[in-house]
1. When ranked by the protection proxy of mean other Cβ atoms within 10 Å per residue, highest first, what sequence do the peptides 192-199, 33-40 form?
2. Cut-off is 10 Å between beta-carbons; in what order do Glu262, Glu26 appear when sorted fewest neighbours first?
3. Cut-off under 19 Å on the C-alpha distance; same-chain residues fewer than 8 positions from Lys93 excluded. Which lysines are left, in chain and number order?
4. Determine the gain in length on full extension of the stretch Ser165-Thr78; use 0.36 nm per residue of separation and subtract their C-alpha separation, reporting nm with one decimal.
5. To the nearest 20 debye, what is the magnitude of the charge dipole of the chain about its Cα centre, counting +1 on the Cβ of each Lys and Arg and -1 on the Cβ of each Asp and Glu?
6. For the chain, what is the percent of antiparallel DSSP beta bridges, rounded to the nearest 5?
7. Pop the C-beta distance of Asn252 and Val31 into the FRET formula with R0 = 30 Å and round what comes out to the nearest 0.05.
8. In the P(r) worked out for the chain, what percent of Cα pairs fall beyond 22 Å?
Amino acid sequence: MIHPEIALITASQMPRPDLEIGLLVEELGRVGVRVAIFSWDDPVHWADIPLLVLRSPWDYTRRYDAFMEWAGRVDRETRLLNPYSLVRWNGHKSYLLDLEAKGVPIVPTMLFRAGAPHTSASLCGIWEASELVVKPAIGAGAAGAMRAHRGEPALPLHMAELLQSKDALIQPFVPAVAETGEVSLIYFDGRFSHAVRKLPAKGDFRVQEQHGGALQPHEPTPRELAVGSEALAAAPTPTAYGRVDLVEWEGNPVIMELELIEPELFLRRSPEGLQRFAGVLKAALASGS
């Protein structure tokens, strides 16, 4: 049996189809790399495969401990991209506070630990925003997020429900999200590749396509590129791939999310980006380190 050289890692319980992974398989094949697709919980002897690349393990937030145990184990047995140290750091949104501590501009964020006491006043922070967003600290795709006016009783109730079992964040709602959406910058091997603008459906604040959001081409500004580079430079290790999600706050681009585990990379929108990603993976396979 001929083993694949690269395994693209997905999930056995997918909330939606991965429309990019087939393109990447095709492009890697075109440049002469043997590739296969596996779920992270498949019964595979991972040490036989030189390189594992996380692509769409989109159930990891619901199976967080099991996924992190798997990622740590396979990172010791073979090579994982992005590496486990980066995956572990990025899996909990407290990384935003790490970025802030290193001078990277972020959406203002407060972290509440599971079981921590809180009051309606403490949830308002020091911000003047009339609306706030509460979200779990381990989550994806806006799951568990609530947008509410600061005086609404639903806000502390939702926070209390989250804090029964998990850490949570609270942030001021960013009006620009509803008006101009988010900008996503895609990087391969630390270098900028391409960008898109994600717009929410009318009356919504979630920009994800599964929530009715739409995509537009985007030419990033020098300041957006600078913030994106600052965010990647502040990560604990170099990145093979990454997505930086930016929003406008007080007239400047700031980090909404830094996605280094399983982000959509909008490869359908950028044939050149697809080629760059395949090239980075082929080079990583050849380097063996």
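1. 192-199, 33-40
2. Taking fewest neighbouring Cβ atoms as first place, the list is Glu26, Glu262.
3. Counting by Cα, and skipping residues close in sequence, Lys93 has these lysines nearby: Lys102, Lys135, Lys166.
4. The span from Ser165 to Thr78 would gain 28.0 nm if fully extended.
5. My answer is approximately 200 debye.
6. Rounded to the nearest five, the antiparallel share is 75 percent.
7. 0.15
8. Result: 59 percent of Cα pairs exceed 22 Å.
Rule-based calculations on the coordinates, nothing more; no lab input. Note that this is a predicted model, so its numbers are computed, not measured. Cβ sites come from the backbone with ideal geometry, for glycine too, and all protein chains shown count toward neighbours.
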